[in-house]
1. Going through the range 1-87, which GluC sites (Glu not before Pro) have at most 15 other Cβ atoms within 10 Å and a DSSP loop state?
2. If R0 is 25 Å, what FRET efficiency do you get for residue 1 and residue 26 from their C-beta distance, rounded to 0.05?
3. Can you give the charge dipole size of the chain about its Cα centre, rounded to the nearest 20 debye, using +1 on the beta carbon of Lys and Arg and -1 on the beta carbon of Asp and Glu?
4. Putting +1 on Lys and Arg Cβ atoms and -1 on Asp and Glu Cβ atoms, find which of 9, 102, 229 reaches farthest to the positive end of the dipole of the chain.
5. Apply the Karplus curve 6.51 cos²θ - 1.76 cosθ + 1.60, θ = phi - 60°, to the phi angles in the range 23-36 and return the couplings in whole Hz, x for Gly and Pro.
6. Show me, for the range 44-49, the HN-Hα J-couplings you get by feeding each phi into the Karplus relation (A = 6.51, B = -1.76, C = 1.60, θ = phi - 60°), rounded to Hz, glycine and proline as x.
7. Taking neighbour Cβ counts within 10 Å as the exposure measure, how do 127, 107 sort from fewest upward?
8. Using Cα atoms only, what is the angle between the long axis of helix 199-210 and the major principal axis of the chain, expressed in degrees (0 to 90) to the nearest 10?
Amino acid sequence: MSIRDDIATFLAESRDGAYQAFQSKLIPSIPADSVIGVRTPALRKFAKQLAKRDDVGEFLNEVPHGCFEENQLHAFIVSAETDYERLLVGIDDFLPFVDNWATCDQMSPRGLAQKPEVTLKHVRQWMASGHPYTVRYGIGVLLQLFLDDRFRPEFLEWVARVESDEYYVNMMRAWFFAEALAKQPGATLPVIEEGRLDRWTNNKAIQKARESYRISPKLKEQLRGLRRTSQGKP
C-alpha cells in the first residue's frame, strides 16, 4: 500500500468521536470537521514509523494537508530529523502551511540546538514573517532554546518589538515573557517596568508569571503593581 493509503487507514481506525468533539473546541482557528479525533500518543507513534519509510517524502510534499491529524503527523516527522540542514528545510517548507497553535507548538525545535547562531538567524526571519504561526514558532524557539545558558538580553527586545493583532502570536509573546521572568528576572523585569509591551501582552505575561511556582512571592507582588489599565506606561 502507498503511504497515503496507510495514513488514511490509520486515521480511520484510530478515530475517537468523543475526543474529536473535545479536541476541535481547543483549536477554534480551524474548521471542526477538519479534526478527525486521533489522540496525540498514537499520532507520535505512527509518525515514527512513517519517518523511516522511503516514501515519506510523498506525504511531506503533499501540502496543504486535508486534516489536522495529517498536519500533526507532518510536524512529528519533521521534528524527528537529526540532520540540521534537512531539519531547517523541513521546518521552512512546512511553516507556511501551519494553521493552528497545536501543530505549531508540536514541531519540536530541539534539533535546532545543534547550531545556535545559525538558528538565531532563522528565528529573526521567522519572527519577521507575515504568517502568524511562523512568527509564533520563532518566538517559541527562543523560549525553549534561548532562555537558559544561551540567553542574551537582546532576545527580550526581539519579542517586545513584535507587533501583531493575532491572539496566538501575542499569547506566545506573553508566555515568553512569563518564562523569562522565571529564568532571567534581572534582565526581564525592567522591560515590564518600562511598559515596553502592549497592554494585553503585558498583563497576560504578568498573569502567567504570578501563577508560576518558579516566581518568588516578592517578584509576584512587584508584578501585581505593574498590570496596566491603559496602553500607557504603568
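Rule-based calculations on the coordinates, nothing more; no lab input. Fair warning: this is a prediction, and the values are worked out from it, not measured in the lab. Neighbour counts run over all protein chains shown; Cβ positions are idealised from the backbone, glycine included.
1. Details: sites: 13, 58, 62, 69, 70, 81, 85; in loops: 62, 81.
Here the GluC sites (Glu not before Pro) that fit, given the DSSP loop and packing criteria, are 62.
2. Values: r = 32 Å, r/R0 = 1.27.
The computed FRET efficiency comes out at 0.20.
3. Details: 32 positive and 32 negative charges, 283 e Å.
So the magnitude is around 1360 debye.
4. 229
5. 5, 5, 6, 7, 10, x, 7, 10, x, 4, 6, 8, 9, 7
6. Each residue's phi maps through the Karplus curve to give 4, 5, 5, 4, 4, 5 Hz.
7. On the way: 127 20, 107 23.
Final ranking by Cβ density, sparse to dense: 127, 107.
8. That works out to roughly 90 degrees.
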